[in-house]
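The values are calculated or read from the model by the stated rules, or taken from the named source; none is laboratory data. As the structure is a prediction and not an experimental result, all values here were calculated from the model. Cβ: placed from backbone, ideal geometry, glycine included. Neighbour counts: every protein chain shown. Only protein heavy atoms, including side chains, enter the accessible area calculation; ligands, DNA and RNA are left aside. Shrake-Rupley method; radii C 1.70, N 1.55, O 1.52, S 1.80 Å.
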Amino acid sequence: QVQLVESGGGLVQAGGSLRLSCVVVERTSSTNVMGWFRQAPGKEREFVAAASVNGASIYYAAFVKGQFTISKDNTKNTVYLQMNSLKPEDTAVYYCAAGTYTGFLREARYEYWGQGTQVTVTS
């Protein structure tokens, strides 16, 4: 059982920054990858970024282009998503997820999801 709790969302003006946090509460788990996804109103959920639990690999969606950074603090069981230069089109509910992969992070399968945190960017 893996429980994920996100925080850090909010309302920000275009050009601003936010850092999302996801605390991982694990009891038993074989997960080896953490990811961030987002879902904008009326759109499908899309992948944003992923990081292997051992810190060896990081993978970003093509649209990120250096705007977002995923990181982990294993001492705090927390994964972060630093979001800079935010734009109104970044408005979405952001979800943290945990899963497994055996080759490429882009092929990871996510089994556990947080409740989501709302990010709203105003122009």
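Some notes on this structure:
- The set of residues from the stretch 1-20 being at pLDDT 95 or above and touching an Asp or Glu at 6+ places or on another chain (Cβ under 7 Å) comprises just one member, Leu20.
- Test: residue in the stretch 99-118 that is modelled with pLDDT of 95 or more and closer than 17 Å to Ser17 by Cβ: yes
- Filtering the stretch 58-103 to residues that are of a type outside the set (A, V, I, L, M), open to solvent by 80 Å² or more (accessible area, probe 1.4 Å) and either touching a Phe, Trp or Tyr at 6+ places or on another chain (Cβ under 7 Å) or without any contact (Cβ under 8 Å) to a residue 24 or more places away in the chain (or both) leaves Lys65, Asn74, Thr75, Thr102.
- Matching residues in the stretch 47-57 - criterion: being open to solvent by 60 Å² or more (accessible area, probe 1.4 Å) and touching a Phe, Trp or Tyr at 6+ places or on another chain (Cβ under 9 Å): none
- Counting the residues of the stretch 18-45 that are surrounded by fewer than 17 Cβ atoms within 10 Å (Cβ to Cβ), under 21 Å from Val93 (Cβ atoms) and touching a strand residue (DSSP E or B) at 6+ places or on another chain (Cβ under 6 Å) gives 6.
- Among (1) closer than 30 Å to Ala14 by Cβ; (2) outside any strand (DSSP E or B), the one test that Ser30 misses: (1)
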